[in-house]
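Read-outs throughout are calculated quantities, based only on the coordinates presented, and are distinct from any laboratory measurement. This structure is a prediction, so every number in the text was calculated from the model and none was measured. Quick reminder, even Gly has a Cβ in these numbers, built from the backbone with ideal geometry, and neighbours come from all protein chains shown.
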Amino acid sequence: MPILTLSAIGGTVEHMTADTHWTPDRIPDLTGRTFVVTGATSGLGLSTGRELAARGARLVLAVRDESKARRIFGAAVEIRRLDLADLGSVREFAAGLHEDHHHLDVLINNAGTMATPHTLSPQGHELQFATNHLGHFALTGLLLDLLLAGTDPRVVTVTSVNHRRARLPFPAPARYSPMRAYNTSKLANALFGYELHRRLTAAGSQLRSILAHPGYTATNLKTSATTPIWRFLLGGIGNRLLAQPVEQGAWPQLFAATATEAHSGHLIAPHGPGELRGYPTLRKLSPAATRVDNGHELWTLSERTTGVRFGQLIAQAEATAQETE
């Protein structure tokens, strides 16, 4: 079993010893457990879905391209359309799950977009912030009651090592930079995951909120960056010289979603230098990602922007925790 050395001081954790070398062959049998994975037709989401399915999990794949998902996974999984940039689509997806499911065990907030030209979502929000953060914030809130009814429930939110380079405020400043906007959205992911952990813990809930990032991984998120300079730097040069295989890049979120050693509030990321490559390990979040005032500011902004409020559901979590004491 992995040896963990943890410290909760300042909302951070020390990393696992690097010689633990966790790999997906340690994932237990997942028969009877239901996982929702966003963005599962390519990259990290595709690798994650395949590993979970191979271990018997019931999969709900939340994707924009349903026909592509069916070609990849066949009839063995449940496929539903979700466009995270469109809050209407998020609400429709969540309503459909409530019709067909009484509980969910794990939500993996994986989907994302990167380094796009300045574009607005259907509701008028900057596209990267809308897709990477607002959509997942709303989705998590709308599915929280189903997760609270699950067994060993978890929310895994995928951030990036780039959250350490982000600048406030939210969303990115008016002078648009594709990478600055991406970094800001990834800090929002980190802040959301940690603030959700903080609120659930205060309520005594058993629902875990865990963060993960893939390091530098050869995914089409980089090669599909829509500005030519970022396609060249990230996809052309970066993927060839620095990136690890996409299958290994998915290991941190698989660890977060399945390992008993992954606890609420943890950030799971590669163990190698710069968090770019390697086996899943515990890493410290950036100071900005654990600041209480930043978390409260983002939470208030996100609730106001999406119209999704967690208060009543977190109160439900608190009541459930008291009943089980």
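Modelled label positions at R175 and A202, each set 7 Å beyond Cα in the direction of Cβ, lie 3.6 nm from each other.
Counting other Cβ atoms within 10 Å as a rough exposure proxy, the listed residues H266, H197, H101, H21 run H21, H101, H197, H266 from fewest neighbours to most. Using 0.36 nm per residue and subtracting the Cα-Cα separation, the extra length available between K68 and L242 on full extension is 59.8 nm. Under 19 Å from the 7 Å Cα→Cβ point of L168, by amide nitrogen: which residues of the stretch 176-199? Zone members listed by number: 180-199. Assuming charge only on the beta carbon of Lys and Arg (+1) and of Asp and Glu (-1), the dipole of the chain about its Cα centre is about 1160 debye to the nearest 20.
Would you mind counting up the charge near A130? Only other residues with Cβ under 11 Å from its Cβ, with Lys and Arg at +1 and Asp and Glu at -1. Provide the component values of the computation, followed by the final result.
Working: positive: none; negative: D83, D86, E126.
After counting each charged neighbour, the total is -3.
Per q in 0.12, 0.13, 0.17 1/Å, what log10 I(q)/I(0) does a Debye calculation on the alpha-carbon atoms of the stretch 54-180 return? Taking Cα atoms of the stretch 54-180 as identical point scatterers yields -0.52, -0.60, -0.97. Taking the DSSP bridge list for the chain and keeping only pairs wholly inside it, about 15 percent are antiparallel. Within the set [x] 21.6, 79; [y] 30.0, 100; [z] 18.1, 57, the number that Rg and Dmax of the Cα atoms in Å takes when calculated for this structure is listed as [z]. The sum of -39500 (n - 2.57) across all DSSP H runs of n ≥ 4, divided by the residue count of the chain, sets its helix-only mean residue ellipticity at 222 nm to -11500 deg cm²/dmol. The label point for E297 and the one for D152, both projected 7 Å from the Cα toward the Cβ, are 3.8 nm apart.
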